[in-house]
Amino acid sequence: MAWKTLDEMGLASKVVLVRVDINVPVENGVVTDATRIEKIVPTIKDIMAKGGKPVLLAHFGRPKGKVVPEMSLRPLVPVLAEKLGCKVNFAEDCVGGPAKKAVAALAAGEVLLLENTRFHAGEEKNDPELSAGMAALGEVYVNDAFSAAHRAHSSTEGVAHILPSAAGRLMEAELKALEAALGNPTRPVTAVVGGAKVSTKIELLSNLVAKVDNLVIGGGMANTFLVAKGIDVGKSLAEHEMAKTARDIMEKAASAGCRIVLPEDVVVAREFKAGAENETVAANACPADAMILDAGPKAVDMIGRVFEASNTLIWNGPLGAFEIAPFDTATNAAAQTAARLTKAGSLISVAGGGDTVAALNKAGVAGDFSYISTAGGAFLEWMEGKELPGVAALMN
Ligand code: 3PG
Ligand code: MG
């Protein structure tokens, strides 16, 4: 790998600036999913084991360059302390006097969390002055925030050019998993792309058809592909204006030797609600007053066979309206097949993106996948084949 890891860095008694992504969901002051906090623990513990003093740089929400008290990172201090099993100090600013004082006071075996980097307008502008202010606090920079690496911000990109830099353990794990799934995969490789809209995933689909052997399309976007094939989808969610784009993607797939798998049967209903009365019909037989809400059992069988014939699977987006039962059936069944094949050792399965992880958790199989990314937008951009600035900056 072209970037340095913690193993190659001398950290003894050094102040180590660590960019983490602890942008976790919080409801009524309570963290509802601490996964991102749990995932940075090995990095911070390894830094301390090497005698380094971790100083955490992080953002929370989108305060747009202003101090927004509701977006302070301070409430995360107890959660971090619990997960890390050590004292976590807090500084009211990520640069300047308060930050310097807190760094100077930091004892070995303790961690310092700096206030939301996005309270500074310079952060999202990747302002060199802000980057220098951050860099002045430490001696080494470690980026462990793969899920924020699609942002070229001071704390994700700028600082990496000033201090000796390395990837943290989570960053390493993410990059290795993604490389195994799409960079240099064991073929045949299958991608599952679901979700509502083709328009938000054009670049992703175009990149994938050139790289994978099978592309399973699900969710609302499958309807758009059915429309592109001249099929009437009744009242289904579909982007009719994207039909030409869908046809272009199918053509590109054909010439690249990528097989596109669309559902051959579908589950339709008259209402979009949990438990709505439904029926299974052929994909080309959606009644005019109904909408497609899930892939049907034949489609699920077909997807299972594709998974069985694959060695690598990369998954983004649900196959149906997974948030309302029973329209989560196809997503659950396909996820369970992927999990079974992974456990049997015949499939490397990697998944990412907000909805995807929620769907896999709901199916109860997230733990059985080879790798689940902590990233949403960064995972998508990576699947689109884009260079992530936060990763690129570590290559120097
Ligand atoms: C995320 O949750 O997607 C990351 O923390 C990045 O946040 P952003 O989308 O606000 O840049
Ligand atoms: Mg995001």
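Each value in this text was obtained by applying a stated rule to the coordinates, not by laboratory testing. Quick caveat: nothing in here was measured; it's all calculated off a predicted structure. Quick reminder, even Gly has a Cβ in these numbers, built from the backbone with ideal geometry, and neighbours come from all protein chains shown.
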Any idea what the relative contact order of region 20-142 is, in percent, if you count C-alpha pairs under 8 Å spaced at least 6 apart? 27 percent
Which value at 222 nm does the chain reach when only helices count, each DSSP H run of 4 or more adding -39,500 (n - 2.57), with the total divided by all residues and rounded to the nearest 500 deg cm²/dmol? -9500 deg cm²/dmol
For LEU313, other-chain or 5+-apart residues with amide H closer than 5 Å (H placed, Pro excluded) are THR190, ILE348, SER349, VAL350
Excluding residues fewer than 8 places away in the same chain, name every one of the aspartates and glutamates whose C-alpha is closer than 17 Å to that of LYS50. ASP7, GLU8, GLU110, GLU139, ASP144
Distance-filtered residues of region 217-254 - backbone nitrogen under 15 Å, label point 7 angstrom along ALA288 Cα→Cβ: 232-236
Once the in-chain neighbours fewer than 8 apart are removed, the aspartates and glutamates whose Cα is under 13 Å from LYS101 read GLU92, ASP93
State which entries of LYS4/LYS197; LYS64/LYS100; LYS14/LYS125 exceed 26 angstrom in Cα-Cα distance in the structure shown. LYS4/LYS197; LYS14/LYS125
Using Cα centres only, tell me the gap between region 1-67 and region 103-175 in whole Å. 9 Å
For region 64-169: rounded, prolate or oblate by the Cα gyration tensor [a/c cutoff 1.5]: rounded
In whole percent, what relative contact order does region 348-392 give with Cα contacts below 8 Å and a gap of six or more residues? 41 percent
Pairs of Cα atoms under 8 Å, at least six residues apart: use those to get the relative contact order of the chain, whole percent. 15 percent
Computed Rg/Rh of the chain, alpha carbon atoms with Kirkwood Rh: 1.03
To make sure I understand the rule: partners must be lysines, Cα under 18 Å from the Cα of LYS362, and not fewer than 8 residues away in the same chain. Which ones qualify? LYS273
